[in-house]
Amino acid sequence: MIVRELITKLGFKADMSGAKKADGIFNGLKSKALALSSGYAAIAAGVTAAYTATVGALFGMVKSAANVGNAAVDISQKIGIGVEAFQRLAYAAKISGVSQEGLVSSLKVLSKNMVDATEGGKETAEVFKKIGIDPKKYLNDTEGLFLAISDRISAMDDGAKKTDISMKLLGKSGAESIPLLNTGAKAIRDAGL
C-alpha cells in the first residue's frame, strides 16, 4: 500500500495488479500469523494451567503425606510404640478390617494392662498367665507383646473364651481386633513389609 501511494505521488503510471496481489498475500500472511500467535497463546495458557494444577496436586499429596506422617508420630507417642511399628500394625489392621481407632484403643489398653500385670495386678497377670505370656519380657516392646498375644489368640478356637481374653487384655476394642489377632504374628509382620 505504501509503494502504491509513493508511485502515485511521484506521478508514475504502473501496473498495480502485482502490488495488489502482493498486498493481499501480505495481509493473508499477517492474519494467519495473528491467528497462529493467538493459538500459541491459548496453548501456552493451557500448558500453564496444567502445570499449575499438577504442581498444586503434588503439593497437596506431599502435604497429605506429611499430615499422615505427623498423625502416625503423634499416635505412636501416645501409645508408647515406635512409628514404624505402629504403621506396620495399622496397615495389617486395615487389611484385616480392623479400624485404626480400634487398634489404637487396643494398644492403649494393652500398655496399661501390661504395666498393671507387672506391678501386681493379679487379675490382669492371671489373664496373661492363662495364655502363657510373661508381660515383664515386653515392658519396652508393646508391638512384641501384641504379636505374642496374636499368636496365642490365633491358636484358640473361636468363641466366648477368645473374645473374653481379647477384651480383658485389649479392652472393648479387643473383640474388634480379633480378625487381626487371628492372622498371627508372622502374617502381621509380613503384611507390614
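Answer with yes or no whether ARG88 is of a type in the set (Lys, Arg) and under 17 Å from ALA191 (Cβ atoms). Spelling it out, ARG88 is indeed of a type in the set (Lys, Arg) and under 17 Å from ALA191 (Cβ atoms). Scoring TYR138 on the criteria (1) modelled with pLDDT under 95; (2) open to solvent by 60 Å² or more (accessible area, probe 1.4 Å) leaves a single failure, condition (2). Among the residues examined, GLY174 does not qualify as open to solvent by less than 10 Å² (accessible area, probe 1.4 Å), in contact with an Asp or Glu (Cβ under 6 Å, 6 or more places away or on another chain) and of a type in the set (Gly, Ala, Ser).
For segment 116-152, which positions are of a type in the set (A, V, I, L, M), part of a helix (DSSP H, G or I) and over 20 Å from ILE81 (Cβ atoms)? Of everything in segment 116-152, those that are of a type in the set (A, V, I, L, M), part of a helix (DSSP H, G or I) and over 20 Å from ILE81 (Cβ atoms) turn out to be ALA125, VAL127.
For residues that are within 18 Å of the chain's Cα centre (by Cα) and of a type in the set (A, V, I, L, M), scanning just segment 81-96, find the one that is most open to solvent (accessible area, probe 1.4 Å). It comes out as ILE95.
Counting residues in segment 153-170 that are under 22 Å from ARG189 (Cα atoms), touching a Phe, Trp or Tyr at 6+ places or on another chain (Cβ under 9 Å), at pLDDT 95 or above and in a helix (DSSP H, G or I) gives one or more.
I'd like the full set of residues that are within 16 Å of PRO179 (Cβ to Cβ) and without any contact (Cβ under 8 Å) to a residue 24 or more places away in the chain, limited to segment 78-99. Hits for segment 78-99 are ALA90, LYS94.
Among the residues making up segment 97-115, those that are in a helix (DSSP H, G or I) and open to solvent by less than 30 Å² (accessible area, probe 1.4 Å) are GLY102, LEU103, VAL104, SER106, LEU107, LEU110, SER111, ASN113, MET114.
The values are calculated or read from the model by the stated rules, or taken from the named source; none is laboratory data. This one's a predicted model, so the numbers in the text were calculated from it and none came from an experiment. Quick reminder, even Gly has a Cβ in these numbers, built from the backbone with ideal geometry, and neighbours come from all protein chains shown. Just the protein is used for accessible areas: all its heavy atoms, side chains included, with ligands, DNA and RNA removed. Shrake-Rupley method; radii C 1.70, N 1.55, O 1.52, S 1.80 Å.
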